[in-house]
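To keep things clear, I will list the structure first and then write my remarks on it.
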Amino acid sequence: MDMEQAKIPQATAKRLPLYYRFLNNLHSQGKLRVSSKELSEAVKVDSATIRRDFSYFGALGKKGYGYNVEYLLSFFRKTLDQDETTKVALIGVGNLGTAFLNYNFTKNNNTKIEMAFDANEERVGTEVGGVEVHHIDDLENQLGDLEVAILTVPASAAQGIAERLVEAGVSGILNFTPARISVPSHVRVHHIDLAIELQALVYFLKHYPLMEDGPVDEA
Ligand code: ATP
């Protein structure tokens, strides 16, 4: 993201890929404009939030017209660097890692897993989803200028590998292990614990059932 766009609040920035995906669909259906109400229903973010988010992009919806799809898309493409593919490394080719390699994010955005690493000799040298699996010992040699990594190793290996990744120049880690990892302040870690997410969903269903016309805000 460039300087001008660095002013977008983090909460807004997190919603960008969501907006982008939906607008891309509209665009491929030939739609020229979209109302904040339509968007709100599709992405499940309330329309006041959408209007506020979009005002940061300089996109001012016109009453009775809505937003220009083309304008928003070109803004999002620029902001999300969709013109450039971000190369990603995946560490740990177990069940979850294998699923990611086979999926490889090609359908929704321009990130691509370029290489994978594992400690298991039987996996090293194979290809999964068209991606070569290297030995974890070769991490530093193979990484090159990759800056983003997905961690799908056992929790016990997470901290040590994170440190090696940071030392090798990685500045963003998507951590799928249950371990909370410590990194220097210039490194961003996003932690996704699927078991906890699922547990939270079940808890919310039990304790905060939604009304038919309940809030559409993200939880
Ligand atoms: P999951 O579904 O979480 O991937 P799994 O049962 O398939 O689980 P895990 O034991 O979680 O496998 O290990 C995930 C992968 O990480 C395995 O392929 C394993 O060989 C690999 N691995 C384990 N330790 C290391 C390590 N230190 N460095 C790199 N890869 C590792």
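The values are calculated or read from the model by the stated rules, or taken from the named source; none is laboratory data. None of the values given here were measured: they were computed from a predicted structure. Here the Cβ positions follow ideal geometry from the backbone for every residue, glycine too, while neighbour counts run over all protein chains shown. When the accessible area is computed, the model is the full protein with side chains, heavy atoms only, and any ligands, DNA or RNA have been set aside. Shrake-Rupley method; radii C 1.70, N 1.55, O 1.52, S 1.80 Å.
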Could you provide, to the nearest whole Å², the per residue accessible area of region 95-219 with probe 1.4 Å? 64 Å²
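For the chain, what is the relative contact order in percent, using Cα pairs closer than 8 Å and at least 6 residues apart in sequence?
On the way: 297 pairs, mean separation 33.0, N = 219.
Here the relative contact order equals 15 percent.
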Among 67-74, 138-145, how do they line up by average Cβ neighbours within 10 Å per residue, starting with the highest? 67-74, 138-145
So who's got an amide H within less than 5 Å of the one on Leu143, skipping anything under 5 residues away but keeping other chains? H placed 1.01 Å off N, in plane. none
Taking r as the C-beta separation of Asn141 and Val202 and R0 as 41 Å, the FRET efficiency to the nearest 0.05 is 0.40
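Could you tell me whether region 86-196 comes out rounded, prolate or oblate from its Cα gyration tensor? Rule is a ≥ b ≥ c as square roots of the eigenvalues, rounded for a/c under 1.5, then prolate if a/b exceeds b/c, otherwise oblate.
On the way: a/c = 1.25, a/b = 1.19, b/c = 1.05.
The shape class here is rounded.
Show me 172-178, 29-35 ranked by packing, highest mean number of other Cβ atoms within 10 Å first.
On the way: 172-178: 19.9, 29-35: 13.4.
By packing density, highest mean first, the sequence is 172-178, 29-35.
Summarise the accessible area of the chain (1.4 Å probe, protein heavy atoms) by the percent that is carbon and sulfur. Display every interim value, and only then the final one.
Numbers: 7040 of 13430 Å².
Reported share for carbon and sulfur atoms: 52 percent.
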Normalising by the residue count of region 3-79, find the relative contact order in percent from Cα pairs under 8 Å and 6+ residues apart. 36 percent
Can you list residues whose amide H is under 5 Å from Met115's amide H, if they're 5+ apart or on another chain and H is modeled 1.01 Å from N? Val88, Leu90
Is any helix in the chain, taking whole DSSP H runs, at least 18 angstrom long along its axis by alpha carbon and on average at least -1.0 on the Kyte-Doolittle scale, and which ones? 10-28, 155-167, 194-207
